[in-house]
Each structure stands twice: as C-alpha cells, then as structure tokens.
1. When you scan segment 453-504 for strands (runs of 3 or more DSSP E) that lie fully inside it, which ones turn up with 3 or more residues that are at pLDDT below 85 and either touching a strand residue (DSSP E or B) at 6+ places or on another chain (Cβ under 9 Å) or surrounded by fewer than 17 Cβ atoms within 10 Å (Cβ to Cβ) (or both)?
2. Checking the condition in a loop (DSSP other than H, G, I, E, B), surrounded by fewer than 23 Cβ atoms within 10 Å (Cβ to Cβ) and touching a residue at least 24 places away in the same chain (Cβ under 8 Å), which residue from 230, 249 passes?
3. From the residues in segment 330-342 that are surrounded by fewer than 17 Cβ atoms within 10 Å (Cβ to Cβ) and assigned to a strand (DSSP E or B), which one is nearest to the chain's Cα centre (by Cα)?
4. How many residues are closer than 16 Å to residue 73 by Cβ and in a loop (DSSP other than H, G, I, E, B) when one looks only at segment 129-162?
5. Residue 316 - would you say it is over 26 Å from residue 459 (Cβ atoms) and more than 28 Å from the chain's Cα centre (by Cα)?
6. Mind checking whether some residue in segment 234-242 is touching a residue at least 12 places away in the same chain (Cβ under 8 Å) and over 24 Å from the mean Cα position of the chain (by Cα)?
7. Is it the case, given these coordinates, that residue 374 is more than 19 Å from the chain's Cα centre (by Cα) and modelled with pLDDT of 65 or more?
8. Exactly one of (1) more than 17 Å from residue 307 (Cβ to Cβ); (2) out of contact with any strand residue (DSSP E or B) (no Cβ under 7 Å at 6 or more places or on another chain); (3) modelled with pLDDT of 90 or more; (4) surrounded by 15 or more Cβ atoms within 10 Å (Cβ to Cβ) is unmet by residue 426. Its number?
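The values are calculated or read from the model by the stated rules, or taken from the named source; none is laboratory data. Please read all numbers here as calculations on a predicted model, not as lab measurements. When we count neighbours, we look across all protein chains shown, and the Cβ atoms used for this are built from the backbone with ideal geometry, even at glycine.
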C-alpha cells in the first residue's frame with residue numbers, strides 16, 4: 001500500500017507541475033478564450049491570453065499559450081506584444097531542439113508521462129507551429145515597417161520548412177524506441193503475474209471503430225500533393241519575400257514548387273509563368289498558353305493575404321480495448337474536429353486605366369489537409385503508446401490490488417478506490433494545439449489602382465451557392481507605395497478584420 005500511495009501522490013505532483021491539461025484537457029480549458037476570439041472580441045481575447053501565458057510560464061503548457069497569445073495580439077494590432085510572445089515561444093522550441101536526448105529535465109518528463117499521460121510531457125508544438133511562428137513574426141515586422149527584420153524571419157521560416165521532414169523522421173523513430181522499451185517492461189511485469197501477452201500493435205488497435213475512423217478521416221483530408229509536411233503558404237510567402245528583394249530567380253524556385261503542389265491553381269500558374277518569362281526561364285509545355293500579368297509582381301502592386309476560418313482543433317474521444325488482467329478498458333485519445341467556413345473567397349474591385357476591374361482570392365494552403373497529414377502519420381505511434389502506457393498503469397494497479405488483498409478487505413477496498421481514482425483522473429487525451437490558426441489561406445494580387453482605392457467584399461456560402469454580401473471595405477493606399485500587403489482575417493460570420501502594410 002505504501003508503494004501505491006507514493007505512486008498516486010507522485011502522479012498528482014507531476015500533473016500540477018507539468019500543466020493542468022494532465023487532468024482537464026486543453027481544449028476545454030481554452031473554450032472561453034476561443035469563444036472570445038472567434039466571436040470577434042479580439043482585444044479581450046488578446047488581453048486574457050497574454051495574462052494566461054504569463055501565468056503558465058514554466059509549465060509544460062507554456063508554448064501552447066504563447067502561440068495563442070502571439071496570434072491574438074497580432075490580430076489586436078499589438079505587434080510588439082505579439083513579437084514578445086512569439087520570441088518566447090521560439091526560445092522554448094529551440095530549447096527543446098538543443099536539449100540532449102537524455103538529461104534530468106527530459107527524464108522527469110518521461111517519468112511524468114509514464115505515471116499519468118502524455119500531457120505530462122512539455123508541449124513542443126506541431127511542425128506546422130514551428131513554421132507559422134516565423135511567418136507571423138514576419139507579418140509583425142512588416143506591420144512595424146521593419147522589412148529587413150521581416151526578411152530575416154522569412155529566411156528562418158524557409159530553413160525550418162527544410163528541417164521539419166528530417167526532424168519528424170527522427171522523432172517517429174525515437175517514439176518507437178520508447179514504445180519498445182515500455183513493452184519490454186510490461187512483459188517483465190506480466191511474467192511475474194501470469195505471463196499474458198502484453199505486446200499490442202497498431203494493426204490490432206486500429207480494428208477498433210473510433211481509431212479506424214480517426215485514421216481514415218485524416219487520410220482523406222490530407223493532400224498528398226503537398227508532400228511530407230509541406231506548407232504551400234510558406235512557399236508563397238517565401239516567393240513574396242524574394243520578390244520584395246528583387247530576387248526573381250529564387251522566387252521562381254518557390255513558384256515552381258508551388259505549381260507541383262497546386263498544379264490547377266490559376267493564380268500560381270500565372271505567377272509561375274510571369275516570373276519565368278521575366279528572367280527567360282523555361283516554362284512547362286502545359287502552361288505555354290497561360291498569359292503573364294501585364295504588371296510587375298514587385299512594383300506598384302497590392303498583395304491580399306486572406307486568413308479564412310478556423311483550423312481543426314483536437315477533441316477528446318475514447319476507444320474500448322480488451323487488455324489482459326482487466327478486460328474492457330476505455331482509453332482517451334485526441335482526434336481532429338473540423339470547422340466550416342461561411343466565406344468562400346473575397347472579391348477585389350479597383351480602377352485601372354480608367355476601367356473598373358476585379359480579382360478574386362484563390363486558396364493557396366489548406367490547413368485541414370496540412371494538419372491532418374501530420375496527425376495521420378503520428379497516430380499509429382501515438383495510440384500504440386497510449387495503449388502500452390495504459391497497460392503499464394493497469395499492471396501496476398493489478399499488482400497493488402493483489403498485494404492489498406493479502407492485508408484484508410479494508411486494504412483491498414482502499415486499493416480499488418485509489419487505483420480507480422488515479423486511472424479516472426489521468427485518462428485524459430492530449431488535445432493541446434494552436435487553435436487560432438486559420439482553416440485556409442487565400443491569396444490574390446492586383447496592380448496599384450489608379451486612384452489608390454480598392455474595395456474588398458466577401459463571397460458567402462449560402463445553401464451551397466455563392467452570393468456577394470454587402471459587407472464591403474474600401475482601402476486607400478498612398479501614391480508612394482511600392483508594395484502593399486493587405487492582411488485580412490475572417491472570424492465571426494462574415495466579419496472581416498483588416499491590417500494594411502505599405503512598403504515604399
């Protein structure tokens with residue numbers, strides 16, 4: 001009984017040290033903050049999340065709260081606060097990357113995971129998080145009229161995109177090694193209790209309906225053309241950065257990469273053709289009839305970046321599995337919930353050469369697909385480890401109850417209560433994630449209007465049909481502007497939030 005009591009107390013201490021999500025899943029904790037943000041109450045969300053991230057400093061959830069704080073502060077036009085949050089987040093990620101494979105902090109975290117659940121491990125972010133962090137920092141610097149700092153962040157963004165594939169493979173390998181080690185420990189315990197089979201594979205686990213559905217749904221959402229963990233917005237934003245620096249050759253490399261990921265996207269096709277023709281590069285035969293733009297992509301131009309909707313968020317579900325010694329067991333795991341958008345695109349109206357003209361935003365990056373691809377590749381190791389970890393705790397519980405039985409009925413009842421409470425408290429899915437990201441990013445660009453005015457209006461989705469709403473916004477540009485970036489965020493309904501950056 002002394003061992004069991006020590007186990008329970010230690011687990012509770014680890015839970016509170018590593019983050020509240022060990023007991024209450026992160027998705028539930030963030031409901032009031034997300035409700036504020038997605039209802040359009042941006043200032044309140046930014047203030048609350050800044051306070052929350054400061055409160056969670058040093059916890060295992062700190063990175064998650066910093067990412068949310070950075071995004072909402074950016075949306076609230078508090079660019080310095082946004083940069084502060086993202087810089088702290090970047091330092092945490094760098095710390096995770098630089099940390100040795102085995103050290104005191106990592107060992108403590110692994111012990112926490114074994115005793116409670118994966119929430120006891122520090123949240124290190126998805127690979128998408130690491131890339132978008134630099135993208136948001138670049139947007140902040142553009143807003144502060146510091147283009148050189150923005151270009152530095154774009155360079156970091158490109159480098160991160162190159163490194164994530166290698167890091168992902170290493171992390172999957174490391175995770176499998178941990179699973180194998182835990183399996184071995186479980187088999188050793190099982191041998192002393194009756195030697196039942198404790199080696200579960202993902203093939204066995206995936207036969208349960210909820211796991212099979214989560215796995216297959218993520219596979220259907222994934223866009224295989226994007227490539228392993230690739231984010232098309234990174235390539236587009238990178239190309240835009242190169243164009244700002246008058247580096248057409250490197251911009252063409254990005255457009256070529258984008259064309260492979262989105263071969264039917266009309267905007268990407270014309271960007272590719274226009275850039276290739278400007279520097280005399282070859283054009284694919286299938287694009288020979290695509291006309292280039294009649295204006296330069298890096299002078300007297302307006303870029304519209306439309307961050308539309310809400311990215312998928314992890315929610316908790318449970319699946320039932322028959323485990324040795326205990327029979328049916330419910331295990332909590334995270335799966336994505338996807339959110340619809342009410343806006344399909346934006347229309348841009350402007351005057352050029354005395355004629356009224358229009359353009360429309362095109363989807364460049366589908367975050368449902370990007371995030372689903374990473375989830376789909378992680379799920380086998382994730383749920384296998386959950387099962388192995390659950391079995392490890394069940395074996396400890398079984399051994400404790402078996403020992404308590406020798407001490408009489410009272411001790412055995414107490415053992416049942418303690419182990420039951422322990423398993424209930426810590427059967428919590430790791431639903432941590434960056435929930436203020438968009439569902440998709442759309443892009444368009446137009447030449448600088450004759451009168452410096454452009455009008456933007458959303459196109460709504462109404463019963464499957466498209467219809468222009470009356471909620472248009474007129475934007476006035478300086479005549480001295482060389483390149484303008486109009487950042488637009490959709491949140492509640494057709495409500496749009498605008499931020500204008502002008503580079504002279």
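1. 465-468
2. 230
3. Among residues in segment 330-342 that are surrounded by fewer than 17 Cβ atoms within 10 Å (Cβ to Cβ) and assigned to a strand (DSSP E or B), the one nearest to the chain's Cα centre (by Cα) is 337.
4. Residues in segment 129-162 being closer than 16 Å to residue 73 by Cβ and in a loop (DSSP other than H, G, I, E, B): 1 in total.
5. Working: over 26 Å from residue 459 (Cβ atoms): yes; more than 28 Å from the chain's Cα centre (by Cα): no.
It is false that residue 316 is over 26 Å from residue 459 (Cβ atoms) and more than 28 Å from the chain's Cα centre (by Cα).
6. Step one: list which residues in segment 234-242 are touching a residue at least 12 places away in the same chain (Cβ under 8 Å), which gives 234-242.
Now restrict to residues that are over 24 Å from the mean Cα position of the chain (by Cα): 242.
Within segment 234-242, one or more residues are touching a residue at least 12 places away in the same chain (Cβ under 8 Å) and over 24 Å from the mean Cα position of the chain (by Cα).
7. Working: more than 19 Å from the chain's Cα centre (by Cα): no; modelled with pLDDT of 65 or more: yes.
It is false that residue 374 is more than 19 Å from the chain's Cα centre (by Cα) and modelled with pLDDT of 65 or more.
8. Among (1) more than 17 Å from residue 307 (Cβ to Cβ); (2) out of contact with any strand residue (DSSP E or B) (no Cβ under 7 Å at 6 or more places or on another chain); (3) modelled with pLDDT of 90 or more; (4) surrounded by 15 or more Cβ atoms within 10 Å (Cβ to Cβ), the lone unmet condition for residue 426 is (3).
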